[in-house]
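Worksheet: one structure, shown below.
The values are calculated or read from the model by the stated rules, or taken from the named source; none is laboratory data. These figures come from a predicted structure and were not determined experimentally. As a convention, Cβ positions derive from the backbone with ideal geometry for all residues, glycine included, and neighbour counts pool all protein chains shown.
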Amino acid sequence: MTGSLTLLLATTGTYLLYTALAFGWRGFPGWRTMVAVGAERMGRGRVRDWMVQAGLADARPLELAGMVGAVALVAGLLGLVMFGALLPAAVLALAVGVGWPLASCRVRRDRMRAAAQEAWPGLIEEIRIGTANLGRSVPQALFEAGEQAPSDLRPAFEAAHREWLLSFDFDRTISLLKARLADPTADAACETLLVAHQVGGSDLDHRLEALATDRALDVQGRKDARAKQAGVRFARRFVLLVPCGMALVGAVIGTGRDAYRTPWGQAMVVAGLVVIAGCWAWATRLLELPTEERVWQ
């Protein structure tokens with residue numbers, strides 16, 4: 001009975017710590033408060049954009065829950081084998097089950113966003129050349145440039161092209177493209193093209209040229225910042241590798257595994273896991289580069 005109660009309290013404490021860090025949750029009036037605070041801080045639009053940028057726009061909640069459950073189960077079994085105790089295994093399952101999928105999605109999102117940021121100056125330049133030098137209409141130049149986009153962006157351009165062929169409504173087409181890309185640069189380029197298509201004007205060439213130059217400078221600045229952070233990002237991995245290696249060595253030497261089963265040993269393992277998770281989350285936030293907010297959605 002005492003062990004079950006301890007497990008319940010430790011699991012609840014870990015959950016409260018994570019939600020406080022991730023969602024800014026303060027207080028415990030119920031699930032509705034956590035959802036309200038998380039929605040107020042991030043906004044449903046930002047969550048949707050985050051999913052799109054991570055390539056999970058079409059993912060179903062059941063699939064995501066299954067992935068989290070599978071990772072948590074594997075982590076829990078490994079923790080049970082290593083520590084021989086239920087409490088550390090449960091905390092490890094909770095930490096890894098939540099943290100690993102989020103970290104994987106974040107890495108995928110950052111990779112896709114970096115590829116999109118690097119591609120957009122060239123795409124804008126292609127659109128500028130198509131409209132100014134080749135006499136293409138704005139929609140035609142946009143879709144021709146989309147054919148040269150990276151593979152992660154191409155489905156959005158293809159969906160927008162289908163919408164254009166079906167409706168010939170450029171406003172709806174642009175709205176669809178912005179929703180599928182969920183990128184500030186894409187918003188600026190699309191709105192510029194939409195205004196040029198609706199009201200015309202001879203300054204489209206200069207606007208696109210200025211936008212392409214601005215995006216190229218932004219990409220270069222981000223590359224320089226990531227290069228300077230490379231050493232710190234490499235060192236951050238030791239936050240996970242060193243404690244895990246020490247825990248594994250301690251479990252196989254002498255009576256180390258039996259020590260993990262004692263109440264004091266379990267408490268120290270749980271405290272270590274909480275500190276590791278907190279340091280990793282803190283380092284991740286410190287290493288984040290400034291992100292532009294979407295203005296036109």
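Numbers for the structure displayed
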read-out: Looking only at region 177-189, and only at residues there that are crowded, with 20+ Cβ neighbours inside 10 Å and either under 16 Å from Phe143 (Cβ atoms) or modelled with pLDDT of 90 or more (or both), the one that is farthest from the chain's Cα centre (by Cα); value: Ala189
read-out: So Val199, is it of a type in the set (A, V, I, L, M) and either modelled with pLDDT of 85 or more or under 30 Å from Arg237 (Cα atoms) (or both); value: no
read-out: Some residue of region 110-128 being at negative phi and outside any helix (DSSP H, G or I); value: no
read-out: So Glu163, is it acidic (Asp, Glu), surrounded by fewer than 20 Cβ atoms within 10 Å (Cβ to Cβ) and touching a residue at least 24 places away in the same chain (Cβ under 8 Å); value: no
read-out: Single condition Thr213 does not satisfy, out of (1) touching a helix residue (DSSP H, G or I) at 6+ places or on another chain (Cβ under 9 Å); (2) modelled with pLDDT under 85; (3) farther than 30 Å from Pro88 by Cα; (4) surrounded by fewer than 17 Cβ atoms within 10 Å (Cβ to Cβ); value: (2)
read-out: Cβ-Cβ under 7 Å pairs, at least 6 apart or on other chains, region 221-237 side modelled with pLDDT under 85, far side surrounded by 10 or more Cβ atoms within 10 Å (Cβ to Cβ); value: Gln229/Leu287; Val232/Leu287; Arg233/Leu287; Arg236/Ala283
